[in-house]
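Just below is one structure, and these are the notes that go with it.
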Amino acid sequence: MKKSLLLVFICTLLAGNSMSQVNAITPSILGKNVIKFNLSSVAIEHYMLQYERSLGLNKSIGLGIGVSSGVDLPFKSTLLDQFGGNDDARRAIESTKFDKLTITPEYRFYFGLKGAPLGFYIATFVRYTKLTFTQDYLFTPSNGVEHLALVTGKLNGVGGGAMMGMQWGLGKSVTLDWWIVGPFAGVMDGQFDGVCDMSDMNAADKADLEKDIESIDIPLWKVDATVAGNLIDAKITGPFYGVRLMGLCLGFRF
């Protein structure tokens, strides 16, 4: 009887050691790191890479960096609805294009037996967005003379959100990450600076130009404009929001 118990104990100990070795070796074979490229964002000319690293059995952290060149003005459709009847405003809105940078740190929790970075997950993330642009802005004061202002601007926003998704392993080294849905919201502020020869404009014309700029009605946004000398300055603040939706990222695991 004692020999039988001793045999069971030895077998159990050996089996436990074997499992420990498998669990310790498997992550190093399959790799804790994934580099991914967002395939779906190419359709909107936003090019994004993400790095993800597993932290133990069911957790991971990630960092995504995305860039765009020549994207449309935020709230373009809203602005066109409001000012589309003004040819100068329509031309300015339609011609404005932004360069865009996004930086997105992310924390994921994976469900299921496979563990990070495979399976269904819930993620929380922070998103930083930077937009820069230049624009030729045409306006006509009371003297009937058309003026052209060269405007440069920048917008910076920080927000956060949550996302659910699913990541599969396609062999040992390839992954496919599906962002099912991930709403986010935050706060953005911006600065717009324009230069134009306004020596032929009187104080009333400049005051009217300030009012025109400040009358731009974007829900929950505040616009503060100053026109003085040959300079046009505007500061804006307000909420921004979006959704990471139906994204597909192809990854390499190492």
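The values are calculated or read from the model by the stated rules, or taken from the named source; none is laboratory data. What you are looking at is a predicted structure, and each value in this text was computed from that prediction instead of being measured. Cβ coordinates were reconstructed from backbone atoms using ideal geometry, including for glycine residues, and neighbour counts include every protein chain displayed. Just the protein is used for accessible areas: all its heavy atoms, side chains included, with ligands, DNA and RNA removed. Shrake-Rupley method; radii C 1.70, N 1.55, O 1.52, S 1.80 Å.
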Original post:
Among the residues of the stretch 137-155, how many are open to solvent by 40 Å² or more (accessible area, probe 1.4 Å) and either outside any strand (DSSP E or B) or not basic (Lys, Arg) (or both)?
Top reply: 10
Subject >> Members of the stretch 146-164 that are under 16 Å from the mean Cα position of the chain (by Cα) and among the polar types (S, T, N, Q) >> reply: ASN156
Original post:
What pairs come up if the first residue lies in the stretch 84-106 and is part of a loop (DSSP other than H, G, I, E, B), the second is open to solvent by 50 Å² or more (accessible area, probe 1.4 Å), and their beta carbons are under 8 Å apart, counting only those six or more places apart or on different chains?
Top reply: GLY84/ARG90; THR96/ASP72
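Identify the residue in the stretch 199-244 that is of a type in the set (Gly, Ala, Ser), in a loop (DSSP other than H, G, I, E, B) and more than 33 Å from the chain's Cα centre (by Cα) and, among all such residues, is nearest to GLY153 (Cα to Cα).
GLY229
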